[in-house]
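The values are calculated or read from the model by the stated rules, or taken from the named source; none is laboratory data. This structure is a prediction, so every number in the text was calculated from the model and none was measured. With ideal geometry, Cβ positions are generated from the backbone for all residues, glycine too; neighbour counts draw on all protein chains shown.
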Amino acid sequence: MGRKIYLIFFIIFFIRNFAFSDVLVSDYAGEVWVRKSPLGTWEELKDKNIKLEDGFAIKTGKGKVKLAIDKSSVWLKENTAFEIESASKFLNAFGLVYGKIKASIKGISPRSRFSIKTITAVCGIRGTDIMMESDVDGKMSVDVLFGEVEFTYLIPPKEGERNFIIPQGVSLKIDDVEKPYNISLITQEKEIEILSNWDPNVKEEERMESLIEKEKDKISLKKFIAYSNNMGMEINNFVYKEKEADFEAGRTLKDINGNTVRIDQRLIRNDLNTIQLFNIIKRKDYKSYDYLTDYSKNVSGFKYNGGSLKDRVDIFAITFNFNKEVPKNIGEWQSFFDRKDVHPEWATFVSANLIDLNNVFFIGEAYKYIENRGELINNTEVVGVTQNTNERDNDVILAGKISKNYLNDIVMYNFSEKNTNNPTGELVRKSDPNVDISGSFWGLKVSKDEISDKDLFYQLNRTKYLKGANETQEEYFYLCQENYLISNDGSIRKKNDIFSSGKSVSDIIKENAIQSVNYIKKNENGPSNEDYIGAYNTDIIFIGDVPFSIFENTSRGVDRWKD
């Protein structure tokens, strides 16, 4: 896809309110690890009162954790992974990857949101005590002791509503994401479990002591349930409630090859000047294929040689670093982007296949701001090689098969050519040129051909690159990309489906996605069907569920750098 498409997707999800709340590890016991970014490594937790920033994650083995979020608390049981997506005054968004938690929510204003996302749904919490459990296959349960939970499927279920309220005293359970949920009154066993003391360092014999103090709460709960039953409330008939507008993104859909795909998008503020849109694309089963569609079948360069895979994960990271601190308040964005002294210092667009963490196949582009031109450029200067006049703005691509430990260097623009005077195409860390980013390389665009259709939304690109821009060694390779606009059921969209649909932009975004499959192929008098660095591809799904008006509200300032 072109740079404008990437930038549009970035801006759509770019807007959040950054009036931060503090997420602190108030207590822990046993095995606990912390990860500071989605591409970072897990580090053993050695002290409490550690602040967890947006993008951090914490997980337990044989251990337990208590998190303090302003006046609220979240407890993690053993074998649980929990992610901090956004902690702010008006939006606290977290992710339960797997395991079991209890949340006690207090001091949240009516305008604020406190939500916990699983792989299946988003739970907006409005009350005090709930318990949640989830696993990576989509199974989950929600037990609401007090208050209520607004439950929203990430993809509409085959039966029933997508949005509904789980009232207090009720349990919801999903054993199979393809089947309807089950609901019931909360059991006494779960009631006792929620009311017990979950603090990590409390002795087991002391965990039930708090139940005596909460006896009045239990009586109130029973009265509420009795009242609801007397009023003839049918628990199976939940009240449908339209989801309040927010900027969370997640969807489950089918791709062109019929795989079930779960997409999760997170906006991460790496530091005051850097923003990252992190997309995770998960497939439990990845079917083997020779050619993805009939449109690429007869075109050399698009043969897939990787076979079927289990538990496949791809990522796509869009990262922008600015010369000024990005305002925390959404109301300041328009004027901020419109300022002439504001510009991005650099940007990267990186897709990666994480099926083998010791051999992460990645493809990326990097852009550097050139002061005397007043724009972001992608040429040899992004890897520290002086540009020849004949190479003006010929694009540079980054690719390779590397250890996951080096992937963050690519994403965060910490790389350069190993030998800038006589480039070979090899990359080293910019911060430490003595460290090779083993397995990575770069190339300069030589030529490109494109195939598209007048009726269908698809595009095939085959771009030839010269490794290291070194005409002496003359080593060429090809980036072959196939891009499709697809519906949620995986069918390729016709242009009339969009332009003649009469639907709003928001509806079009929710009902469609872009699938982009990328290969690095050998040069054999043109693109070969043989792979240049192993039988890999990146298979990315882009979604745009946030209202497009957000982009429109910031486009005037951003327009200065769009090319």
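Remarks
- Check on LEU466, among the aliphatic types (A, V, I, L, M) and over 31 Å from the mean Cα position of the chain (by Cα): yes
- Some residue of the stretch 284-295 being surrounded by fewer than 17 Cβ atoms within 10 Å (Cβ to Cβ), under 30 Å from THR152 (Cβ atoms) and not basic (Lys, Arg): yes
- Taken across the stretch 59-78, residues that are over 24 Å from VAL144 (Cα atoms), among the aromatic types (Phe, Trp, Tyr) and either in contact with a helix residue (DSSP H, G or I) (Cβ under 8 Å, 6 or more places away or on another chain) or buried (at least 20 other Cβ atoms within 10 Å of the Cβ) (or both) do not occur at all.
Let's see how each residue does on (1) under 30 Å from THR420 (Cα atoms); (2) of a type outside the set (A, V, I, L, M):
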residue	(1), (2)
LEU460	no, no
LYS464	yes, yes
LYS467	yes, yes
LEU479	yes, no
ASN483	no, yes
ASN488	no, yes
ILE492	no, no
LYS495	no, yes
ILE498	no, no
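- The C-beta contact set for the stretch 177-192 (first residue under 18 Å from ASP129 (Cβ atoms) and in contact (Cβ under 8 Å) with a residue 40 or more places away in the chain, second residue basic (Lys, Arg) and part of a helix (DSSP H, G or I), distance under 9 angstrom, 6+ apart or interchain) comprises GLU191/LYS218.
- The stretch 254-302, residues that are part of a strand (DSSP E or B) and under 20 Å from LEU479 (Cβ atoms): ASN279, ILE281
- Residue within the stretch 356-371 that is modelled with pLDDT under 95, surrounded by 17 or more Cβ atoms within 10 Å (Cβ to Cβ) and more than 24 Å from GLN481 (Cα to Cα) present: yes
- When residues of the stretch 172-183 are limited to those that are surrounded by 20 or more Cβ atoms within 10 Å (Cβ to Cβ) and in contact with a strand residue (DSSP E or B) (Cβ under 6 Å, 6 or more places away or on another chain), the one nearest to PHE146 (Cα to Cα): LEU172
- Within the stretch 506-522, being surrounded by fewer than 17 Cβ atoms within 10 Å (Cβ to Cβ) and part of a strand (DSSP E or B) holds for one residue alone: LYS522.
- On inspection, ASN525 passes the criterion of being on the phi > 0 side of the Ramachandran plot, polar (S, T, N, Q) and either surrounded by fewer than 17 Cβ atoms within 10 Å (Cβ to Cβ) or assigned to a loop (DSSP other than H, G, I, E, B) (or both).
- Residue in the stretch 428-445 that is surrounded by fewer than 18 Cβ atoms within 10 Å (Cβ to Cβ), at positive phi and in the same structural domain as ILE363 (by TED's automatic domain parsing) present: no
- Test for PHE415: is it surrounded by 21 or more Cβ atoms within 10 Å (Cβ to Cβ), among the aromatic types (Phe, Trp, Tyr) and in contact with a helix residue (DSSP H, G or I) (Cβ under 9 Å, 6 or more places away or on another chain): yes
- Hits in the stretch 151-180 (condition: among the basic types (Lys, Arg), at pLDDT below 90 and assigned to a strand (DSSP E or B)): none
- Subset of the stretch 181-206 [of a type in the set (A, V, I, L, M) and either in a loop (DSSP other than H, G, I, E, B) or outside the structural domain of GLU150 (by TED's automatic domain parsing) (or both)]: ILE186, VAL202
- A search for C-beta distances below 7 Å between a residue of the stretch 290-319 that is closer than 20 Å to PRO527 by Cα and any residue that is of a type in the set (S, T, N, Q) and in a loop (DSSP other than H, G, I, E, B), counting only pairs 6+ apart in sequence or on different chains, returns LEU292/ASN257; TYR304/ASN537; GLY306/ASN537.
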